[in-house]
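To start, the structure itself, in structure tokens.
Bear in mind that the values in this text are calculations on the coordinates, not laboratory data. The structure presented is a predicted model; accordingly, all values stated were derived computationally and were not measured. Cβ sites come from the backbone with ideal geometry, for glycine too, and all protein chains shown count toward neighbours.
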Amino acid sequence: MEKNLQMSYLLDFYGEMLSEKQKNIMELYYCDDLSLSEIAETHGMTRQGVRDNLKRAEHLLAGMEEKLGLIERDKGHQAQIDLLLSDLDALAKLPEVLASEEAKTLIGRITGVAEGIRNW
């Protein structure tokens, strides 16, 4: 399961760098959970041909992450956003903030921006 999740992340981040055929095979295998035989049948290929395409695409995607590190960078950003939201939540509960409408408005605005970035 861990490999499937990792490959799904790689496909999300770098899938457009693959050929249409490679991307399609990766999506069918990792996202739609089709077997090599099922994919081979729908593409008019051998099971071994599908496996070779799959392994080649996996290697390309892993190499892109190794060189560019976008997934690792995204994980770091998500952790920072989670910390920011946690701190904003704690700040919003302070008595002096609860008494200030301006502070509550600013915290609400910053929280909205942080959540928007997290969900982007």
Rounded, prolate or oblate (a/c below 1.5 giving rounded, otherwise prolate when a/b exceeds b/c) for segment 73-118 by Cα gyration tensor: oblate
Gaussian network model of the chain, springs between alpha carbon atoms under 10 Å - residue of ASP74, ASP89, ASP12 with greatest fluctuation: ASP89
Length-normalised contact order for the chain - Cα pairs under 8 Å, 6+ apart - percent: 21
Approximate spin-label separation GLN80-ARG109, in nm, with each point projected 7 Å along Cα-to-Cβ: 2.2
Candidate aspartates and glutamates for bridging to LYS67, where Cα separation is under 17 Å - those fewer than 8 sequence places away on the same chain excluded: ASP12, GLU16, GLU58
Charge sum, other residues only, whose C-beta stays under 12 Å from GLU72's C-beta, Lys/Arg counted +1 and Asp/Glu -1: 0
With Cα atoms, 0 to 90° folded angle of helix 2-14 axis to the chain main axis: 80
Degrees separating the helix 47-68 axis from the principal Cα axis of the chain, which is the longest one: 40
Cα-based convex hull volume of the chain per residue, rounded to whole Å³: 119
For segment 2-68, convex hull volume per residue from C-alpha positions, Å³: 73
Theoretical gain in end-to-end length, GLN6 to ASP52 [0.36 nm per residue, Cα-Cα removed]: 14.7 nm
Within straight-line cross-link reach of LYS104, lysines at Cα separation under 20 Å, skipping those fewer than 8 residues along the same chain: LYS93
Estimated 222 nm signal from helices in the chain, with DSSP H stretches of n ≥ 4 weighted -39500 (n - 2.57), rounded to 500: -25500 deg cm²/dmol
Estimated distance in nm for a label pair at ALA99 and ASP32, the labels positioned 7 Å out from Cα along Cα-to-Cβ: 6.2
Contour excess over end-to-end distance, with Cα ends at GLU20 and LEU68 and 0.36 nm allotted per residue: 15.1 nm
